[in-house]
Amino acid sequence: MIYHELIVVGGGLAGLRAAIEAKRAGVDVAILSQVYPARSHSGAAQGGINSALANHPDSADDTPEKHTFDTVKGSDYLADQDAAKQMCEDAIPILYQMEHWGCPFSRFDDGRIAQRPFGGAGYPRTCYGADKTGHYLLHTCTNEAIKAGVPFYTEWFVTDIVRDADGRACGVVAYDMTAGGFEGFQAEAVVIATGGAGRTYSNSTNAIISTGFGASLAYRAGVPLKDMEFIQFHPTGLLTTNILMTEGARGEGGYLINGEGERFMAKYAPKAMELAPRDITSRSIWTEILEGRGIDGKQFVYLDLRHLGRDKIMERLPGIRDLSIHFEGVDPIDEPIPIVPSQHYTMGGIDTDMDGRTEVPGLFAAGECACVSVHGANRLGGNSLLETLVFGRRSGAAASEYLSGLAQHQRGAAEVEQSLTRMDEKLAALTLRSDGEDPYAVRTEMTETMKEHFGIYREEQIMQAGLDKLLALNERVHNIYLRHSGRVFNLDMIRTYELQGMVEVALTTAAGALNRTESRGSHSRTDYLTRDDENWLVHTLAHREPDGRPKLDQKPVALGLYEPQERKY
Amino acid sequence: MRQEVLRKGEGGVWPWFLQRITAVLLLYGLTVHLVVLHVLNIGRLTFDNIGDRLGSGFFIFTDFLLLFAVVFHGLNGVRMVLLDYGFAGSKRTALDAALVVIGVAAIAYGIWAFWPWLTD
Amino acid sequence: MPEATFRIHRYDPERDGDRRWQEFTVPYENSLTVLEGLFYIQENLDGSISFRYCCRAAVCGSCAMYINGRYRLACQTNVKNLEDAPITVEPLPRMPLVKDLVCDMTDFFAKYEYIKPYIMHESQYPEKETLQSPEDRHKLDNPVDCILCGSCYSSCPSVWGEDNYLGPAALLWAYRFEADTRDEARKARLSSFDNERGVYRCHTITNCVEACPKELNPTEAIQWLKGAAVRRRIFGRWK
């Protein structure tokens, strides 16, 4: 058994930032990650990170308060306003810190960090490094963690979070992918930073490892998942692969064009046009497609950058150009890019407070897998990178503080051993079975169900049918079998383990969506067209029943700064 | 990870830099050689004639420069090639020592051959 | 429905430890990347196959492989653009193997971490950001796009000959920080690469330039470092 005071599960931006904070506070912290930290999905973020630095000539009077307001309005008033305020205030020092740590941001001529306009924001406040901001930030934080001396357990796949007799988190069990076999980790506290659940949908922009499995571990450990029905669809995913085409492409002036050659956003958001928030833009595109105005009547529209010219595309959007050439065979300098709205972000997640604390003592969460909530019903572009850093740092600090308050150390060894035995037994049971459900058939059915039944537009009957399918899958998933029993780098095992958690996470999305009888942010129902603040200005909580089904509950939204009003852009 | 990489690295900037400097010196020496032997006419090729030329200050300077440059450049070049064939640790120390011995011997031999013109 | 035939390198340390080849046929509709093909095989034909994956959008560097005799990212390689059949898929050549298409990257990352890949700053930071002109920022355009996929490292004959040579990727990152106007590392980083396990082991073979799926140029960066070492060690000029 291996011991560290603090275990961080996940090596993306939130996990790295939490670990650095704890390490610098003198805590013995280690990161366990399924991939080398610099390979995490944070690196796929493109457009930028919001912070009211007021560097842009048009944002001289920008302030964190205005950033807070945009965030809250963007969230369709479901964000906790105190948390949003905190994030927008922390945004300024954390941005300067990233710059001091060496992040290669693009620069204005006067040498200050460059900013660009983004959807749903009143000012150009999205700081960027070309169209690879996430990649740059991720490398910066990985490198800072190396500098701080945080040990990485690379390619360790965490399969269980262990609680001791008093209910505190006291460690994890993980599968060592390269050496093979399970190992127990004893710890005083655990931070989960495993990212979103995009891969529960078949049309996701997310990395293949963004399965939501980390959130399902916390869910199994007894923490409720919050607001899981709010799934963001990014307006511009590449047609064949759903690979992300940054919002920065529209921030730099790109047009959305339908089959009739018109800039249809004029109908839906006459003021903001292409820079309306993502929920509104995605719905607009989908409406055009449903009404037969896709390109050639098919299920896509164009993102047109040609008028920006070669120089601007090469300077500001080089990555977008590479991706469209390699994955779609289209050079945006000469041709419009075919795009389709694609699942992009999980607004909901592990229920935490502003410092990443969950209901379970010693268990913290940060990043996309957590729900503070600052994004409410719809996240603004550029706020996710910000969230990972701000709440990563805060959870790292809170975990360090929690550690210093502990009277007794190194508890729960027996529980970790038990869990280790359980994991070995589970694996043995899976490999002993030589016949049963095909895990990949179950996976495909689940991801298609999510796409078809819980997409951009939702309706009672369709969702009910989807939920029934998922409940059936939740039964079938217990009869799956492994086709490979080797110990070294066993993908069959990892993907099967993931699947069981994914189905449970998908169920929380489905149940929450069916339950919420209103349209708010990304959750738009054709049978309940309007927002219902009287009954539904509340967070949904999903608690796990022993059979994996969710039991729904509610939690009030923290208001106080801004009165809910109608969203117009 | 093997620990050697974390050990302080061997051979700093000087061998590499001197390899470049001696390359330039070789170019200079070759140019002088070709120009003097094939372009400039020193009259009849007699022992005395050649002896005078070799004994002049300019030629003593150039020839010694060339001697040191050739020996360093050649042996350091051999060393760089051999290093790519697994000479590390004590084998590398032995290689370096052997090359130094060869180099010193070559230079001593050069000086011995030049001796008459130096003392003349 | 078109089909693609894959000829895949197999190696299982738990079985016999022999390296062998296995062929699979994968049907597809419009488009198929090599990574999608590998997933099809893993899900439908042979559950025992192992390979690395993450972003499937050419930014994470996980799936660098040797495909039809070239270094490529499996996710970025569409079978339609490959001329030879069957499609031969190998792990990065000359790297220690873990299983099938997965090679051991331990040394690679240890060397990366060894060159101190972070900004070192001694003076007081300004209250806001450190200013940097767009021109100075452009000097970093090339190296900051590195995704640490390991292709250059695997392709470098100097690495093949000397286990402890830092290799192109680590040195590209050393350049990224040495060339950054904000860095004040002075000797702290210089001494890690200014030796014959570092820049002087590079013989400008330029395999790394050929191999890089991001079209970066580690050789040029290493040449810059050699020049910087001379300027600093011999002439005492630091920036």
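On the stretch given as region A:410-452, residues that are away from chain C (no Cβ under 14 Å), of a type in the set (S, T, N, Q) and in a helix (DSSP H, G or I) total 4. Being in a loop (DSSP other than H, G, I, E, B), closer than 18 Å to A:Leu16 by Cα and at pLDDT 95 or above holds for only one residue in A:Gly134, A:Gly102, A:Gly111, and it is A:Gly102. Checking each residue in region A:252-265 for being open to solvent by less than 10 Å² (accessible area, probe 1.4 Å) and under 24 Å from A:Ala130 (Cβ atoms) picks out A:Gly254, A:Leu256. Selection of region A:547-569 for residues being in contact with a strand residue (DSSP E or B) (Cβ under 8 Å, 6 or more places away or on another chain) and of a type in the set (A, V, I, L, M) yields A:Leu552, A:Val557.
Scanning region A:161-173 for residues that are over 17 Å from A:Ala365 (Cβ atoms) and out of contact with any Pro (no Cβ under 9 Å at 6 or more places or on another chain) gives A:Asp164, A:Ala165, A:Val173. Could you check region A:427-458 and list, in sequence order, the residues that are charged (D, E, K, R) and open to solvent by less than 60 Å² (accessible area, probe 1.4 Å)? Of everything in region A:427-458, those that are charged (D, E, K, R) and open to solvent by less than 60 Å² (accessible area, probe 1.4 Å) turn out to be A:Glu437, A:Asp438, A:Arg443, A:Arg458. Those helices (runs of 4 or more DSSP H) of region C:130-231 in which 1 or more residues are within 30 Å of A:Arg112 (Cβ to Cβ) and open to solvent by 10 Å² or more (accessible area, probe 1.4 Å) occupy C:134-138, C:141-144, C:167-178, C:187-193.
Every residue, every condition in (1) outside any helix (DSSP H, G or I); (2) closer than 19 Å to B:His33 by Cβ; (3) modelled with pLDDT under 95, yes or no:
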residue: B:Gly51; (1), (2), (3): no, yes, yes
residue: B:Phe59; (1), (2), (3): no, yes, yes
residue: B:Asp63; (1), (2), (3): no, yes, yes
residue: B:Met80; (1), (2), (3): no, no, yes
residue: B:Gly86; (1), (2), (3): yes, no, yes
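Hey, any hits in region A:156-174 for a residue that's within 8 Å of chain C (Cβ to nearest Cβ) and either part of a loop (DSSP other than H, G, I, E, B) or crowded, with 20+ Cβ neighbours inside 10 Å (or both)? The answer is no; no qualifying residue exists.
Residue by residue through region A:100-131, note down the ones that are away from every other protein chain (no Cβ under 14 Å), over 22 Å from the mean Cα position of the chain (by Cα) and open to solvent by less than 10 Å² (accessible area, probe 1.4 Å). Within region A:100-131, just A:Arg116 meets the criteria. Of the strands (runs of 3 or more DSSP E) that lie entirely inside region A:186-271, those containing 3 or more residues that are within 27 Å of A:Ile289 (Cα to Cα) and modelled with pLDDT of 95 or more span A:231-238, A:255-257. Among the residues making up region A:390-425, those that are buried (at least 16 other Cβ atoms within 10 Å of the Cβ) and farther than 30 Å from A:Tyr96 by Cβ are A:Arg411, A:Gly412, A:Ala413, A:Glu415, A:Val416, A:Glu417, A:Ser419, A:Leu420, A:Met423. The residues on offer are B:Val39, B:Val78, B:Val101, B:Val32, and the sole one that is out of contact with any Ser or Thr (no Cβ under 6 Å at 6 or more places or on another chain), at negative phi and open to solvent by less than 90 Å² (accessible area, probe 1.4 Å) is B:Val78. Condition check for A:Ala189 on (1) surrounded by fewer than 23 Cβ atoms within 10 Å (Cβ to Cβ); (2) in contact with a Phe, Trp or Tyr (Cβ under 6 Å, 6 or more places away or on another chain); (3) not basic (Lys, Arg): one failure, at (1). If the condition is being over 17 Å from A:Thr205 (Cβ atoms), open to solvent by 10 Å² or more (accessible area, probe 1.4 Å) and hydroxyl-bearing (Ser, Thr, Tyr), then region C:32-61 contributes C:Tyr40, C:Ser48. Name the residues in region B:81-97 that are more than 9 Å from every other protein chain (Cβ to nearest Cβ), of a type in the set (Gly, Ala, Ser) and open to solvent by less than 50 Å² (accessible area, probe 1.4 Å), would you? If the condition is that a residue be more than 9 Å from every other protein chain (Cβ to nearest Cβ), of a type in the set (Gly, Ala, Ser) and open to solvent by less than 50 Å² (accessible area, probe 1.4 Å), then B:Gly89 is the only one that fits. Applying the criterion of at least 1 residues that are at pLDDT 95 or above and not hydrophobic (A, V, I, L, M, F, W, C) to the strands (runs of 3 or more DSSP E) found wholly in region A:294-384 leaves A:301-304, A:337-346, A:349-351. In summary, helices (runs of 4 or more DSSP H) completely within region A:459-569 and bearing 3 or more residues that are within 14 Å of chain C (Cβ to nearest Cβ) occur at A:491-515.
The values are calculated or read from the model by the stated rules, or taken from the named source; none is laboratory data. Predicted model only: the values in this text are computed from it and were never measured. Neighbour counts are summed over all protein chains in view; Cβ atoms, including those assigned to glycine, are modelled from backbone coordinates with ideal geometry. These area figures cover heavy atoms from the full protein model, side chains too; ligands, DNA and RNA do not enter into them. Shrake-Rupley method; radii C 1.70, N 1.55, O 1.52, S 1.80 Å.
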